[in-house]
1. Pairs needed: first member in segment B:8-31, farther than 13 Å from B:SER93 by Cβ; second member anywhere, open to solvent by less than 60 Å² (accessible area, probe 1.4 Å) and assigned to a loop (DSSP other than H, G, I, E, B); C-beta distance under 6 Å; at least 6 residues apart or different chains.
2. Out of segment A:6-21, which residues are under 15 Å from A:THR108 (Cα atoms) and not in a loop (DSSP other than H, G, I, E, B)?
3. Wholly within segment B:20-115, which strands (runs of 3 or more DSSP E) include no fewer than the required count, namely at least 3 residues that are open to solvent by 60 Å² or more (accessible area, probe 1.4 Å) and within 12 Å of chain A (Cβ to nearest Cβ)?
4. Hey, can you tell me all the residues within segment A:15-46 that are touching a Pro at 6+ places or on another chain (Cβ under 8 Å), open to solvent by 70 Å² or more (accessible area, probe 1.4 Å) and not hydrophobic (A, V, I, L, M, F, W, C)?
Amino acid sequence: DQQVKQNSPSLSVQEGRISILNCDYTNSMFDYFLWYKKYPAEGPTFLISISSIKDKNEDGRFTVFLNKSAKHLSLHIVPSQPGDSAVYFCAARGSGGGADGLTFGKGTHLIIQP
Amino acid sequence: KAGVTQTPRYLIKTRGQQVTLSCSPISGHRSVSWYQQTPGQGLQFLFEYFSETQRNKGNFPGRFSGRQFSNSRSEMNVSTLELGDSALYLCASSLAARQGSGELFFGEGSRLTVL
């Protein structure tokens, strides 16, 4: 049972345009969401996060939107740059109060075309 | 500040063997987590250690085990290797006393190939 879903394995966007990466979740106990970026042969690096009490968080070119009623979040990158080409993982954390590991989606490979 | 260091970076084993992977967290980080990354399953949580105690464990068989030392360094062990254990094993450290409440810093991973 996949609790965090990234339904697009890959996405191709032209340089300078907006990239929108989507993520859906099924567990209503998730209260904190993160996006990680991963280049080949490197570990994932933290990009941006959002708490369930917010619906938007912005950091430079990156904005994450959270729609709790739809159990959906999205990452917007604008403008997209060649260096943004990477695999992006959506992750979620439960609010059980214990030491729950993050639940990751399978990732979306973003390709920025010149 | 040095990042998360994982050794070895690459290794090849045969079925039935066992393997030990090592992780040195960022200085001052007491939480260390392990994840398995495969093309079909993405990143899956293995276990998390904090102050030498395993706080949580993912849905993996008992062949997968780990430990943490007093200096926060961690090792994970996989016994009786199977072909399906071929994967990138990622270690992540965190300052957070509660797993997942803060940012995870990942190492570059150990790429295990089982023949």
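The values are calculated or read from the model by the stated rules, or taken from the named source; none is laboratory data. Keep in mind it's a predicted model, so treat the numbers as computed, not measured. Methodologically, a virtual Cβ is constructed for each residue, glycine included, from the backbone with ideal geometry; neighbour enumeration extends over all protein chains shown. Areas reflect the complete protein model, heavy atoms only, side chains present, ligands, DNA and RNA absent. Shrake-Rupley method; radii C 1.70, N 1.55, O 1.52, S 1.80 Å.
1. Listed by first residue and then by second, the contacts come to B:LYS13/B:LEU81; B:ARG15/B:LEU81; B:GLN17/B:LEU81; B:GLN18/B:SER79.
2. Selection gives A:SER10, A:LEU11, A:SER12, A:VAL13, A:SER19, A:ILE20, A:LEU21.
3. Values: elements: B:31-38, B:42-50, B:53-57, B:64-68, B:74-78, B:87-94, B:110-114.
Of the strands (runs of 3 or more DSSP E) lying wholly inside segment B:20-115, those with at least 3 residues that are open to solvent by 60 Å² or more (accessible area, probe 1.4 Å) and within 12 Å of chain A (Cβ to nearest Cβ) span B:53-57.
4. Going through segment A:15-46, the residues touching a Pro at 6+ places or on another chain (Cβ under 8 Å) turn out to be A:15-18, A:36-38.
Going one step further and asking which of them are open to solvent by 70 Å² or more (accessible area, probe 1.4 Å), we end up with A:15, A:17-18.
Scanning segment A:15-46 gives A:GLU15, A:ARG17.
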